[in-house]
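Okay, structure first, notes after.
The values are calculated or read from the model by the stated rules, or taken from the named source; none is laboratory data. Please read these numbers as outputs of a predicted model, since none were measured by experiment. For neighbour counting, all protein chains shown are included, and Cβ atoms are generated from backbone atoms with ideal geometry for every residue, glycine included.
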């Protein structure tokens, strides 16, 4: 089953320094009927203005992945990590027993990122931070596995049983994805236009994919997308 989620129907917050599209109930968007999709608890499409960002704040018992779409992001945390992430880079924070961090756009241009929160299989693990930098060609016309479970193949491995893939697919090219039994997918059309089994998704649209054995992703225009594969809820 394919359930298209139109971007124009999603809640959008504008704080001036930050514009966010919330895929699920979060912050000032309260909706008990839209709390999660399986273990995917939060997916925010954030635009951070130049010289702005999230100041130091705490997290606990959540697996947090940030995928930088445009611009840059400076991370700093209570474990002593500090680095700058650029477009295409991925950051992972397993908050576990607790960690404080800041995420700032110190550049002169706005930044865009997808912020993804995954519910961990158990609480109170030791906090972990990690990141991975990718070249453009690694996701060009192919699926790049940016996050997996501990038993998976991605460079970034989290505790929960999920896989996250990204791709930049040129116009008229197609990628097919086989979906194992009892698995489901949350798909985000980051940029451009694609069809998923002939259902069209445009900029910032999303789709819940359940009870399917295969999807064909066809780029109607140059297309940038991300999807999260997980156990059925």
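Filter region 177-198 down to the residues that are farther than 23 Å from residue 233 by Cα and either surrounded by fewer than 20 Cβ atoms within 10 Å (Cβ to Cβ) or in contact with a helix residue (DSSP H, G or I) (Cβ under 8 Å, 6 or more places away or on another chain) (or both) and list them by number.
Listed by number, the residues that qualify are 191, 192, 193, 195, 198.
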Worksheet item: So how many residues does region 134-146 have that are surrounded by 13 or more Cβ atoms within 10 Å (Cβ to Cβ) and closer than 21 Å to residue 75 by Cα?
Response: 2
Worksheet item: Of the residues 37, 11, which single one is without any contact (Cβ under 8 Å) to a residue 60 or more places away in the chain and closer than 20 Å to residue 204 by Cα?
Response: 11
Worksheet, complete the sentence: Among strands (runs of 3 or more DSSP E) completely within region 133-233, the ones holding 2 or more residues that are modelled with pLDDT of 95 or more are 144-149, 162-169, 174-178, 183-191, 194-196, 199-201, 206-209, 214-219, 223-231
Practice prompt. Assess whether residue 224 counts as being surrounded by 14 or more Cβ atoms within 10 Å (Cβ to Cβ) and within 20 Å of residue 45 (Cα to Cα).
Written response: yes
